[in-house]
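Everything below concerns the one structure shown next.
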Amino acid sequence: MKKPLSFGRMLAFAAGDIFGGGSFNIINFLYPGFLALAVGLPAQLAGIVMLIARIFDAVSDPVMGFISDKLRVRFGTRRSTLLIGAPLVVVSMFLMFFPYGNADVMARFWLVLLSYIFFCAVQTAIMIPYFSLSSELTEDYTERARLTSLRLGFSIFSSIVCVAVPGMIVGQFEGSNGYIAMSLIFGAVFMVSVGITGLFAKEGIPAPKKAEPFKLQNFVRPLRVKAFRQYLWLFLCCQMTMAIMSALFFFYVDFYFCSAATARGETSMVGLLGAALMFGMQIVALPVYMAVIKRMGKIAVYIIGSVIWIGGALLLLVLPSGADPVWLYLLAALLGFGISGPGLIPHAIFADVVDVGSLQFGARTAGAFSGIANLVNKTAQAAGLAIVMGIIGAAGFVEQDITEGAAKVVSQSAGAQAAIVWVMALAPLIFMSVGIFVCTRYRLTKQRHARVLAALEGSEEEKAAILGELG
C-alpha cells in the first residue's frame, strides 16, 4: 500500500497556485483598465495586445510541456523549472505594468505587447510544469480531489486579495506610479509562493529514467484520448467565461451600476466588495462541492455549479443601474457559489485523464497533456477577450487620453453600457451550456478510473476492455 500524501506536501503544492490564481485576476480585472486608462490604448488595440500575447502564450505551452516531459535532473523533473522561473516573475510583472508614456500610440502598443509576451513566457515556464506536477504527487482518486480542493482554496484566496489589494495600492500613488509599486509587491509574493512549491512539493510518482525519443506527432498525441478532448471542452468553457466576466466586471460596476457616482468623480468600494464576495463564496462552496463529489461524482458538481452560474448571470439583465449595492453583493455571492463548481472540476479530473493517456500510450507524458490543455484554453480566451473588447469598442467605449491636461474618462455611452451588461449576462449561458452537454457524455467515473489504474499493471485484454468503455 502506498504511503498517503502528507499534508505538508499538499500545502507546498497548493502554494504555487497563489501565483496562478492571483496573476490571473490581476491581469483579467486590472490589465484591461490599465491599458485603456493608464497607457491610453484604444479598446480595439488593447484587445489586439491581449489576443497576440495570449496566442504566443498558447503556442508556447505545448513546447514547454514537451521540454518538461524530457527534462531529467536529480532535483525534480517539474520542480527545477519552477525554481528557475520564480525570480523572473518579479521582472516580468514590473515590465507588464510599467506605464509607458510615449506620445506615439503605436510605440506604446509595441512596448506593451512585448512586455506582456515576456510575462506570458515566464508564466508558461512555471505553470505548465506546475499543472503536470499535480498528476505526479499521488494516484489516488479521492486524494487528488482533496489536493485540488486545497490548491483551489489557495488560488481563490489569492484571487480575492488580487482583486481588492492591487487597486488599493495603485490608488495610494500619484499618477501611474502605483502600478509600478503594485507589480513589485505582488511579483515578490508570487516569487516566494512558486519557490515554496519548487523546494518542497516532491513528486510521488517518479518519472521514467529514460524519456521518450522526440516525435513531432507526440505534441498532439493527447488529442487522441477521448476523455482528454472532453476535459478540454469543460476547461475551455469555464475559463473563457471567467475571463470575459473578469475583464468586464469593473467596467460594469464603474460605468453602469455606479455610473452616477463615477460621473461625479466619486470613488466607490462597491466593485471591490462585490468581487471579494464573489471569490469568497467560491472558497465557502468548496466543502459543499467536495461532499457532492463523494455522493454523486465530480461531473455532477460541474453541472450543478454551471446551472447556478447561468441563472445568476441572467439576473444582471434585471439589475438596474443605481440599485442598492446589497443586491449586487447578493448576486456576486450567488455567482461565486456557482463558479466554484465548474472551476474545481477540470483541475480535479486532469490527473485522471492523464492516467488514461498513460494506459493508452504506454508512457506518462503529463507535460504534453498540460501543454495542449493550455494551448486550447489560452487561444480561446484570447479570441474571446479580443472579441469582447472589440464589441465594447464598437459600441462606443471611450479610452483615456493620456496627453497632459486631458480630462479623466468618467462615463460611457448608453451603447457601451448595454454591450457590457449583455455580454456579461449571456457569456455563461452560451459557454456553460456547452460544458453541461459535454458532461452528459463524460464516462471516466471513480469506478472506471480504478479500473484504469489496475489495467496499467494488467493484461492487454484488461487495457483494451476499459479503453473501449471510455471510447
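Restricting the search to the stretch 285-317, which residues are within 30 Å of PHE255 (Cβ to Cβ) and at pLDDT below 95? Selection gives ALA285 alone. Scanning the stretch 384-420 for residues being farther than 17 Å from ALA36 by Cβ and either at pLDDT below 75 or in contact with a helix residue (DSSP H, G or I) (Cβ under 6 Å, 6 or more places away or on another chain) (or both) gives a total of 3.
Within the stretch 349-370, residues that are within 16 Å of GLU203 (Cα to Cα) reach partners that are surrounded by fewer than 24 Cβ atoms within 10 Å (Cβ to Cβ) and among the hydroxyl-bearing types (Ser, Thr, Tyr) with beta carbons closer than 6 Å, at six or more positions or on different chains, in the pairs ARG364/SER358.
Here VAL63, VAL49, VAL89 are screened, and the one residue that is buried (at least 23 other Cβ atoms within 10 Å of the Cβ), aliphatic (A, V, I, L, M), over 15 Å from PHE190 (Cβ atoms) and touching a residue at least 40 places away in the same chain (Cβ under 8 Å) is VAL49.
Of SER134, SER80, SER183, SER149, all but one fail to be under 28 Å from THR267 (Cα atoms) and in contact (Cβ under 8 Å) with a residue 60 or more places away in the chain; the exception is SER183.
Restricting attention to the stretch 345-364, the residues that are small (Gly, Ala, Ser) and under 18 Å from THR142 (Cβ atoms) add up to 2. Of the numbered criteria (1) surrounded by 24 or more Cβ atoms within 10 Å (Cβ to Cβ); (2) under 16 Å from ARG224 (Cα atoms), the one ARG364 fails is (1). Taking the stretch 151-160, which residues are under 15 Å from GLY16 (Cα atoms) and of a type in the set (A, V, I, L, M, F, W, C)? Matches in the stretch 151-160: LEU152, PHE154, ILE156, PHE157.
Residue check: LEU41 meets all listed conditions (1) surrounded by 24 or more Cβ atoms within 10 Å (Cβ to Cβ); (2) at pLDDT 80 or above; (3) assigned to a helix (DSSP H, G or I); (4) not polar (S, T, N, Q) but one, namely (3). Does ALA164 fit the bill of being surrounded by fewer than 20 Cβ atoms within 10 Å (Cβ to Cβ), of a type in the set (Gly, Ala, Ser) and more than 20 Å from LEU277 (Cα to Cα)? Against the criterion (surrounded by fewer than 20 Cβ atoms within 10 Å (Cβ to Cβ), of a type in the set (Gly, Ala, Ser) and more than 20 Å from LEU277 (Cα to Cα)), ALA164 does not qualify. Considering only residues in the stretch 96-118 that are in contact (Cβ under 8 Å) with a residue 60 or more places away in the chain and in a helix (DSSP H, G or I), the one that is surrounded by the fewest Cβ atoms within 10 Å (Cβ to Cβ) turns out to be VAL105. Before we move on, is GLN412 under 26 Å from ARG144 (Cα atoms) and not aromatic (Phe, Trp, Tyr)? No.
Scanning the stretch 69-78 for any residue that is surrounded by fewer than 17 Cβ atoms within 10 Å (Cβ to Cβ), over 20 Å from the mean Cα position of the chain (by Cα), farther than 30 Å from THR365 by Cα and modelled with pLDDT under 80 turns up nothing. Residues in the stretch 447-471 that are within 30 Å of the chain's Cα centre (by Cα), part of a helix (DSSP H, G or I) and surrounded by fewer than 15 Cβ atoms within 10 Å (Cβ to Cβ): GLN447, ALA450. There is no residue in the stretch 10-20 that is within 25 Å of PHE154 (Cα to Cα), assigned to a helix (DSSP H, G or I) and at pLDDT below 85.
A quick yes/no check of all residues on (1) among the polar types (S, T, N, Q); (2) over 30 Å from ASP140 (Cα atoms); (3) touching a helix residue (DSSP H, G or I) at 6+ places or on another chain (Cβ under 8 Å):
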{"position": "THR267", "(1), (2), (3)": "yes, yes, yes"}
{"position": "ALA285", "(1), (2), (3)": "no, no, yes"}
{"position": "MET290", "(1), (2), (3)": "no, no, yes"}
{"position": "ALA300", "(1), (2), (3)": "no, no, yes"}
{"position": "ILE303", "(1), (2), (3)": "no, no, yes"}
{"position": "LEU317", "(1), (2), (3)": "no, yes, yes"}
{"position": "TYR329", "(1), (2), (3)": "no, yes, yes"}
{"position": "GLY343", "(1), (2), (3)": "no, no, yes"}
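VAL376 meets all of the listed conditions (1) surrounded by 24 or more Cβ atoms within 10 Å (Cβ to Cβ); (2) closer than 20 Å to LEU223 by Cβ; (3) of a type in the set (A, V, I, L, M, F, W, C); (4) under 18 Å from the mean Cα position of the chain (by Cα) but one, namely (1).
Yes or no, residue by residue, for (1) farther than 27 Å from LEU248 by Cα; (2) aliphatic (A, V, I, L, M); (3) at pLDDT 85 or above:
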residue	(1), (2), (3)
ALA36	no, yes, no
LEU45	no, yes, yes
ILE52	no, yes, yes
PRO99	no, no, yes
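Restricting the search to the stretch 128-144, which residues are among the hydrophobic types (A, V, I, L, M, F, W, C) and either crowded, with 24+ Cβ neighbours inside 10 Å or on the phi > 0 side of the Ramachandran plot (or both)? Those that are among the hydrophobic types (A, V, I, L, M, F, W, C) and either crowded, with 24+ Cβ neighbours inside 10 Å or on the phi > 0 side of the Ramachandran plot (or both): ILE128, PHE131, LEU133.
The values are calculated or read from the model by the stated rules, or taken from the named source; none is laboratory data. All values reported here derive from a predicted model rather than from experimental measurement. Cβ atoms come from the backbone with ideal geometry, glycine included; neighbour counts cover every protein chain shown.
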